[in-house]
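Input: a single structure, listed below in structure tokens.
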Amino acid sequence: MKKLFFLSLLLSCVLQGAMGQTLKEAFGDKLLIGSCLTTPQLEEKNSPTLRVLNEQFNAVVAENSMKSMYLQPKEGKFRFKEADRFVNYANAQGLKVTGHVLIWHSQCCPWFFTDKQGRKVTPEVLKKRMKSHIFRVMRHFKGRVIGWDVVNEAIMEDGSYRKSGFYEILGEEYIPLAFQYAHEADPDAELYINDYNEWYPEKRKTVLKIINDIRRRGLRIDAVGLQGHIDMYSPTIEQYQATIDDYTKAGVKVMFTEMEISALPQPGDVLSANVSDKAAYKKELDPYTGGLPEKVQQQWNKRLEDIFRLILKNREHFKRVTFWGISDKYSWKNDYPVPGRTDYPLLFDRNFERKPVVDKIVKMAR
Ligand code: G3I
């Protein structure tokens, strides 16, 4: 009887300890754990987002302000004010900052690919523009940012290259070139390739080819970012494990860079994080406007636990886990791929309360 009493006392102490612990306390000795942040969240008075960010996380990434259309809206005219505010704030709070993103087809300034007459620029001009963007941006933030998403979302699910402006003008060569410029610009910065749906074997095959090619040229590539915009069903944990195995065998680390788990039905068969893949609003695609039913919440909790079990199992290969936001209230998933829905994809609810399942995650880390 006495034994049972002490055992349950011990168990409740362990549980209470886990409940009191923050995510960064639980994971800090294993990997970086972070969130993205928008400029309005940074500037909001008594920002609940900042309160939770500083209390729970040790890493941060700008959700938008370091994308090329904001940093260099006109050729040669760089605007660093907004991004500087973000980076300076994060540095002062001791949060590790990752730069997102140098070369990406989306939110890229349209002038990048055309001349004054609106004609496609030559490969030489595009190379010059890429180099000057990468050099200027990376040198500006040198020492304040630990690493960069150098190339984002370059490969399609079938393994082909996305027909972006970069690809159309420079072909496959634009990716190793971007890594070469990035390494020259700041040899101390970590360099990453970042993408979504990397569990598609054909897509992964091409990314692996790119990684090997970059390394063969003696260039730096530290990790592959698995964005992690997922739902309750896809991908399976086995598919993620195969992805992690393939990438780590190629000699790079992995990271979840934009993690969230949508609780809503998807409009199509294929999950996407490509911003232009939108679908029309239908009531049946938005079933939980009044709150998540307990059964669905339990299913969501299990999915999150499975993901963290996977992360912990592979922890020597993981550099970082970054969520694409803090509170469900501000998740981009409320408007993507269907606008105006009520989703529940993050670790903190609409009142910025930590979801009870996070205690379990913290306990798992211990
Ligand atoms: O800045 C304008 C503002 O002036 C205007 O009033 C407002 C009206 O819609 O739009 C604002 O721009 C929006 C921008 O976010 C900043 O809030 C754009 O319309 C909107 O499309 C843009 O969405 C971002 C999206 O990337 C665009 O590419 C999302 O916030 C951001 O979460 C999302 O993040 C991407 C990652 O960078 C890469 N991986 C996929 C991920 C989700 O798409």
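The values are calculated or read from the model by the stated rules, or taken from the named source; none is laboratory data. Note that the structure is predicted; figures quoted are calculated from it, not measured. Here the Cβ positions follow ideal geometry from the backbone for every residue, glycine too, while neighbour counts run over all protein chains shown. Ligands, DNA and RNA are excluded from the accessible area calculation, which covers all protein heavy atoms including side chains. Shrake-Rupley method; radii C 1.70, N 1.55, O 1.52, S 1.80 Å.
Summarising the label geometry, the points placed 7 Å from Cα in the beta-carbon direction at GLU172 and SER106 lie 2.5 nm from one another.
The range 132-200 and the range 255-311 have their alpha-carbon centroids 28 Å apart. Charging the Cβ of each Asp and Glu at -1 and of each Lys and Arg at +1, and nothing else, the dipole of the range 114-200 about its Cα centre rounds to 740 debye.
Here is the P(r) of the range 34-83: all C-alpha pair distances, binned every 10 Å from 0, give 24, 45, 23, 8 in whole percents.
Secondary structure note: in the chain, about 10% of the DSSP beta bridges are antiparallel. Projected label points at LYS45 and LYS302, each 7 Å from Cα along the beta carbon direction, are separated by 4.6 nanometres. The slack in the chain from ASN314 to LEU285, taken as 0.36 nm per residue of separation less the alpha-carbon distance, amounts to 7.0 nm. Computed over every Cα-Cα pair of the range 112-181 and binned at 5 Å starting from 0, the pair-distance distribution P(r) comes out as 3, 15, 23, 23, 17, 13, 5, 1 percent. Using a Debye calculation, one point per C-alpha and no hydration shell, please list log10 I(q)/I(0) for the range 235-366 at q = 0.15, 0.16, 0.18 Å⁻¹ in order. For the range 235-366, the Cα-only Debye profile gives -0.80, -0.90, -1.11.
Pairing the Cα long axis of helix 123-140 with the longest principal axis of the chain, what angle in degrees results, from 0 to 90 and rounded to the nearest 10? With both axes taken from Cα atoms, the answer is about 50 degrees.
Could you please report the charge total around THR22, scoring K, R as +1 and D, E as -1 over all other residues with beta-carbon less than 15 angstrom from its beta-carbon? Net charge around THR22: +3. Rounded to the nearest 500, the helix-only mean residue ellipticity at 222 nm of the chain stands at -12500 deg cm²/dmol, with each DSSP H run of n ≥ 4 adding -39,500 (n - 2.57). Other residues within the sphere of radius under 11 Å centred on the Cβ of ALA59, judged by their own Cβ, net out at +4 (K and R +1, D and E -1). The angle separating the long axis of helix 294-313 from the principal Cα axis of greatest extent in the chain is about 70 degrees. Remark: the ARG162-ASP335 segment gains 59.9 nm on full extension, using 0.36 nm per residue and subtracting the alpha carbon distance.
Taking the Cα centre of the range 9-160 as origin, sum charge times position over the Cβ atoms of Lys and Arg (+1) and Asp and Glu (-1), and report the length of that vector in debye to the nearest 20.
Values: 22 positive and 15 negative charges, 196 e Å.
It comes to approximately 940 debye.
To the nearest 10, the accessible area of ASP188 is 120 Å² with a 1.4 Å probe.
You can think of it this way: the chain between GLN117 and LYS77 has 12.5 nm of extra reach, that is 0.36 nm per residue less the Cα-Cα gap.
With the full set of protein chains in place, find how many percent of the accessible area of the chain is carbon and sulfur; take the probe as 1.4 Å. Provide the component values of the computation, followed by the final result.
Working: 8830 of 16480 Å².
Summing carbon and sulfur atoms, their accessible area is 54 percent of the total for the chain.
Applied to the range 323-335, the Karplus parametrisation 6.51 cos²θ - 1.76 cosθ + 1.60 on θ = phi - 60° returns per-residue 3J(HN,Hα) values of 8, 8, x, 10, 9, 3, 4, 10, 5, 4, 5, 5, 10 Hz, with x for Gly and Pro. Farthest toward the positive end of the dipole of the range 211-297, out of ALA273, ASN212, GLY291, is the Cα of ASN212, where the dipole comes from beta carbon charges about the Cα centre.
The packing ranking, built from the mean of other Cβ atoms within 10 Å per residue, places the peptides 168-179, 36-47, 252-263 in the order 252-263, 168-179, 36-47, highest first. Each listed q (0.07, 0.08, 0.09, 0.12 Å⁻¹) maps to a log10 I(q)/I(0) for the chain from the Debye sum over equal C-alpha point scatterers, namely -0.31, -0.41, -0.52, -0.92. Taking Cα atoms only, the orientation of helix 174-185 departs from the longest principal axis of the chain by about 80 degrees.
Output the pairs from LYS74/LYS333; LYS30/LYS253; LYS67/LYS329 with a Cα-Cα distance over 18 Å in this structure; if there are none, say none. The answer is LYS74/LYS333; LYS67/LYS329.
Where Lys and Arg each count +1 and Asp and Glu each count -1, what net charge lies around MET69 among other residues with Cβ under 14 Å from its Cβ?
On the way: positive: LYS67, LYS74, LYS77, ARG79, ARG129; negative: GLU63, GLU75, GLU82.
Here the count lands on +2.
Basic side chains Lys and Arg get +1 at the Cβ, acidic Asp and Glu get -1 at the Cβ, and with that the dipole of the range 224-265 about its Cα centre reaches some 160 debye.
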